[in-house]
Amino acid sequence: MANTLPPCLLLVLLLLAPVLPAPHKRGLIFNLDTGELCLQSAQCKSGCCHRDGGLSLARCVPKAAEFQECSPKSIYGVYYKCPCESGLTCDVDKTIVGSITNSDFGTCKDPRGSRLW
């Protein structure tokens, strides 16, 4: 008998079940869709929070595809050029000044080489 719930507690749980919040597909702060305002790339489903210039608002955008301009992953979390999609590398000449000013840009490339059919 110790392992069963008292009937009144069971009734309360059944009555409260519809009131409990259901999980949302996206949140107000994390799991943001493309085009939504962001402060950090960790907030975006795509993993890239992008801004056009120093004073522009940052928005979630898709990561860079092969042959598009890119930035290596940075500690800042907001990019002028997004990092590459999974499986691609950002071919860039890294410099200390570029790392500090977030201006090391390159091109996304497939590390296995380009495939010509």
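Each reported figure results from applying straightforward, stated rules to the coordinates on display, with no laboratory input. Since the structure is predicted, the reported quantities are computational estimates derived from the model, not experimental observations. All Cβ positions, even for glycine, are placed from backbone atoms using ideal geometry, and neighbour counts span all protein chains on display.
Computed over the Cα atoms of the range 36-85, the ratio of the radius of gyration to the Kirkwood radius (Rg/Rh) comes to 0.92. Between S103 and S86, the modelled labels are 3.4 nm apart [label points 7 Å from Cα along Cα→Cβ]. Paramagnetic label reach from D110 (point 7 Å along Cα→Cβ; backbone nitrogen cut-off under 15 Å): within the range 40-73, residues 65-68. Within the range 50-75, which residues have the backbone N less than 18 Å from the label spot 7 Å out from I29 along Cα→beta-carbon, could you tell me? Backbone N within reach: 60. Please list, or write none, the lysines whose alpha carbon is within less than 19 Å of the alpha carbon of K45, excluding same-chain residues fewer than 8 places away. Excluding near neighbours in sequence, the set is K25, K63, K73, K81.
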